[in-house]
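Worksheet: the structure to be examined is printed underneath.
The values are calculated or read from the model by the stated rules, or taken from the named source; none is laboratory data. Every value quoted in this text rests on a predicted model; they were computed, and no experiment measured them. Because the Cβ atoms are built from the backbone with ideal geometry, glycine has one as well, and the counts that use them run over all protein chains shown. What goes into the accessible areas is simple: the full protein's heavy atoms, side chains included, and nothing from ligands, DNA or RNA. Shrake-Rupley method; radii C 1.70, N 1.55, O 1.52, S 1.80 Å.
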Amino acid sequence: MRIGLILALAYFAASALANAALAGSAPAHPWDDPMLPPDRRAVLAVAAMTPAEKIGLVHGGLGAPWGGAPKPAGAVGSAGFVPGVPRLGIPPLQETDAELGVGDPGDIRPGDTATAMPSNLALGSTFDPALAVEQGRAVGAEARAKGFDVLLGGTANIIRDPRGGRDFEYVSEDPLLTGTLAGAAVAGAQGNRIISTVKHFVLNDQETDRVVLDARIERAAMRESDLFAFELAIERGRPGSVMCAYNQVDGAYACENDWLLNRVLKTDWHYPGYVMSDWGAVHSTVASALAGLDQESGDQLDTQDFFAVPLAEAVARGEVPAARLDDMVRRILRSVFAAGIYDDPPRPGAFDPAPAAAVAQRIAEAGSVLLKNDGVLPLPPTLPRIAVIGAHADRGVLAGGGSSQVVPTGGIASSEPAPDGFPATLTFDPSSPLDAIRRHAPGAEVGYADGHDVTAAARLAAGADVAIVFADKWMTETADAPDLALPGGQDGLIAAVARANPRTVVVLETGGPVLMPWLARVRGVLEAWYPGQRGGAAVASILFAQANPSGHLPVTWPAGEAQLPHPTLQGDPNGAPRGPVGRGGRYGRIYAADYSEGAAVGYKWFATRHQAPLFPFGFGLSYTSFGLRDLSAGMKDGRLTVGLTVRNAGGRAGAAVPQAYVERPGDPGFPIRLGGFERVELAPGEERRVTFGVDPRLLARFDEAGHVWRIAPGRVRVTAGFDAVHRGLAAETDVSAASLAP
C-alpha cells in the first residue's frame, strides 16, 4: 500500500471521529431549514461529512456504460453522474448535455426524445433576451421532467473565427449580445429549480486542436472581450456552476489556471458557485485544486481520476489544505441548496412537449435572417409551380454535431455518415421543408430534386415559377471547417439552378457564415441556421409571409478568408481533430493560437481595418421597412443613456432591432462597441421611443497594471442604425473620469 494512501486513510479516520462528535452534539440535518441562506446550509452540511463523502462529491464519471462497466447505479443515463450522500439527504447530481435541448448521447435511454431547439446562432439572431429566457425555461423544464438537475448549457464563448466547429452553439461575436442572451437562457433554465452551467471558460474558440491549443492574448484585451461576455452572463444568469474549457490560456490549462479561476472568477467577480471541468479537461490533482477547480467531470475521459484517491492523498500530505477540500464541497452544496435541488430533487415524470416545440418554432422564425430579397419574397400561395431542390429538404433540416445534438421529438428524420470519413453521424431533425411548402401552397405543383444530379435539378427549376434551393453545411464539435465554402458542389448547383430560373431563392442551413459566389445571380437568400425540429415549418412560414423575417446577423460574414484576422486556422498544421484521450492516454505537443487581434473581434476587426464584409454584424432584412430618428445621448445618474425613435414605415407588422454603438474619438485604440439594442414589435405606421443605459464598462479600457476599469474623461460618440456598418444617426456627449472595480 502506498504511503500516500495510508496517510489518506488516517486522515479519513481522524476526520470521521471529529465529525461524529460534532454530529452527536447537534440536531440532525440542521441544513434542512429552507429559511437559512444557501451558504449557511452548505457550511453546516460540509461539517457533517466524512472525508470520503467529500471526495465523492468533487469528482464524477459518465452517467452511461463505459469500458465494459455498466451505467452507474442510480444514474438516469446521461453525460455525467455524481453520487450523492444518502446518509445526509444530499441527492446525486444527474448531469445532461443541454445546449440545444436534453441530449441522449449514444442512445443511453433507448427511445427517449426531447425538443430539439434551433442553434444558438438562431437565438442570437433574434436579439431577444425574453426569447432566450423562454428557451432556457423550456429546456430546463424538460430536463427536470427527465430527472436531471444539472444542465450543461449556457455557452458564453464569443465567435472569434467563423470556421469554428462549435460556432453554431455560440450566440454571437459580440460580448454584450452574447452575455445578455446566454445569461437570460441560464436564468430561464434555473427557474426550474435546477443548476445550469455557463461554459466553456474561456477562449474555447477553436475545435480541431482544442485539447492541445494554447490561446494567447493580452489580459486586458481578454477582459474587454471573451471574459466580458462571461462576466455579463454570470451577472445576469447567476449560474450554479462554471465549466472550464479544454484549451490552455497563456500557458496554463483553463481548468488549472489560477489567474482565471481564483483571481478573475472567484475574487474579482465574487462568484459563489463551483467550477466543474469539461469532460476530459483535467491534467493534474494538486495544481488544479489549488488553482480553483472544484469538481472533476467525466473522469473516465481523463488520463486518471485526479480528484479521487490522488486528491485524498494530497490532502493527507498537506499538499492540498483540508480547508480547500471543504471549500470545493461547500461551493457545490451551496449551488445545490440555492437551486432548490436539495429541497425538491427532480423526479422523472410526464412532460408535454408541445409548448417547448412552439418555443423552438418561434426562435427559428425570429432568428432566420433574410440576407437578400430582390422582390421575389414573400411567395404568393397561388403560385402554380414550385421547384424545391437540395439538402434533404424532403426529409428534414440539418442539425449540428457533437454533445449538443438532440434526438428530436418524433425521432431523427434522416441520418447518414458524416462527410470526408469523419467518425460521426450527420442527422436531420424532422419537419420537412418540402411538406411545409406544399401545405402553404396547396394548389401548386411542387416538385423535388435532391440536387445530386445538377442537370435534373436545373431542368426542374426551368419549368417552375420559382426555384427554392436548400443548401447546407455541417459543423460539429471537435473539428473546425477548413474554409467558408459550401461543401459538396452546392455552389455549382445553385449557379446552375439560377441560370435555369432567374427567380431563384436560396435557403441556407449552416453553422456559420459561408461564401456566396452566386449571390448576384439569385433573387433571395434566407439564412435559417440549424433551425431545430420545427425548422421546416418555420422556413415555409417565412417564405409565405406567415411570419415576417426579423433576424439580424450575430456574426459578420466576410467576403473571404483573407479578410479574417487569421486567414489560415491556427494550431496543428496537420489539422487533425483531437479530443479527450481517456485512461492511459497521452496529450501531444501544445500548439499556440496567438489572438493578436485582441478585443477587436468580428465587426470591430473589420472597422479597424476599414474592410467591407459581405454582410455586416446586425444586418437583416424584413418584408416591411423601418426608420430611426431623434437619437439622443447623455449622462443620467452617472450612466450613459441612449434614446431613439423607431418607426415601422411599411405596410406589414414586423420587428425592428435598433442598435446603438459607442466610440471614443480621443482614443485611437478604442474599437467600436455595441452599446445597446432592443427588439421592437411594431404595427404598420407605429413608432416607439426606445431608451437604454450603456454599461459603463463599454466606455472603459481595462487597466491590467492597476487592476481596474478606467473611463477616460472626454467625448463619447454614439451612432445608431440597423447594423454595425449602416449607422445613419450620431450624437455626442461628455463623460467624466471614473474607475470601476474589476
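Ranked by the mean number of other Cβ atoms within 10 Å of their residues, highest first, the peptides 403-409, 345-351 come out as 403-409, 345-351. What does the net charge come to around TYR603 if you take all other residues with beta carbon closer than 9 Å to its beta carbon, with K and R at +1 and D and E at -1? Overall, the nearby charge balance is -2. Fully extending the segment from ARG688 to ALA323 would add 125.8 nm, taking 0.36 nm per residue of separation and subtracting the current Cα-Cα distance. When peptides 273-281, 141-149 are ranked by their average number of other Cβ atoms within 10 Å per residue, the highest-first order is 273-281, 141-149. Under a model in which nothing but the beta-carbon of Lys, Arg (+1) and Asp, Glu (-1) is charged, the chain shows a dipole of about 1000 debye around its Cα centre. Dividing the radius of gyration of the alpha carbons in segment 689-742 by their Kirkwood radius gives 1.05 for Rg/Rh. For the chain, the longest principal axis of the C-alpha atoms and the axis of helix 322-339 are separated by about 50°. In the chain, the DSSP-assigned H stretches of four residues or longer account for a calculated mean residue ellipticity at 222 nm of -7500 deg cm²/dmol, using -39500 (n - 2.57) per stretch and the full residue count as denominator. Beta bridges from DSSP with both residues in segment 176-278: antiparallel share about 20 percent, rounded to the nearest 5.
Within the chain, what percent of beta bridges assigned by DSSP are antiparallel, to the nearest 5? Looking only at bridges with both residues in the chain, the antiparallel portion is about 60 percent. Normalised by residue number, the volume inside the convex hull of the Cα atoms of segment 56-108 is 90 Å³ per residue. Computed from the C-beta positions of GLU704 and GLU732 and an R0 of 41 Å, the FRET efficiency is 0.90 to the nearest 0.05. Could you work out how far helix 175-190 tilts from the main Cα principal axis of the chain, as a 0 to 90 degree angle to the nearest 10? Taking the Cα atoms of the chain, the angle to 175-190 is about 60 degrees. Taking the C-alpha atoms only, the angle from helix 354-367 to the longest principal axis of the chain is near 60 degrees. As a calculated quantity, the FRET efficiency between GLN611 and THR645 at R0 = 35 Å, using C-beta atoms, amounts to about 0.65. Rolling a 1.4 Å probe over the protein heavy atoms of segment 72-166, with every protein chain left in place, gives an accessible area that is 60 percent carbon and sulfur.
Over the chain, average the accessible area per residue using a 1.4 Å probe and give it in Å², no decimals.
Heavy-atom SASA per residue in the chain reads 34 Å².
In this simple spin-label approximation, ALA741 and TRP259 carry label points 7 Å from Cα along the Cα→Cβ vector, and these lie 2.3 nm apart. Taking the chain as the region of interest, the number of lysine pairs whose Cα atoms are within less than 29 Å, with members eight or more places apart or on different chains, is 14. VAL85: net charge of surrounding residues, Cβ under 12 Å, Lys/Arg +1, Asp/Glu -1, itself excluded? Neighbour charge sum, excluding VAL85 itself: +1.
Expressed as a whole percentage, what fraction of the accessible surface of segment 679-742 belongs to carbon and sulfur atoms when a 1.4 Å probe is rolled over the protein heavy atoms?
52 percent
Accessible surface ranking for TYR587, TYR623, TYR595, 1.4 angstrom probe, highest first: TYR587, TYR623, TYR595.
The listed peptides 106-113, 625-632, 80-87, ordered by packing as a protection proxy, come out as 80-87, 625-632, 106-113 (highest mean of other Cβ atoms within 10 Å first).
Rank PRO70, ALA116, THR50 by how far each Cα sits towards the positive end of the charge dipole of segment 45-139 (+1 on Lys, Arg Cβ; -1 on Asp, Glu Cβ) and give me just the farthest. Comparing the listed Cα positions along the dipole, THR50 ranks first.
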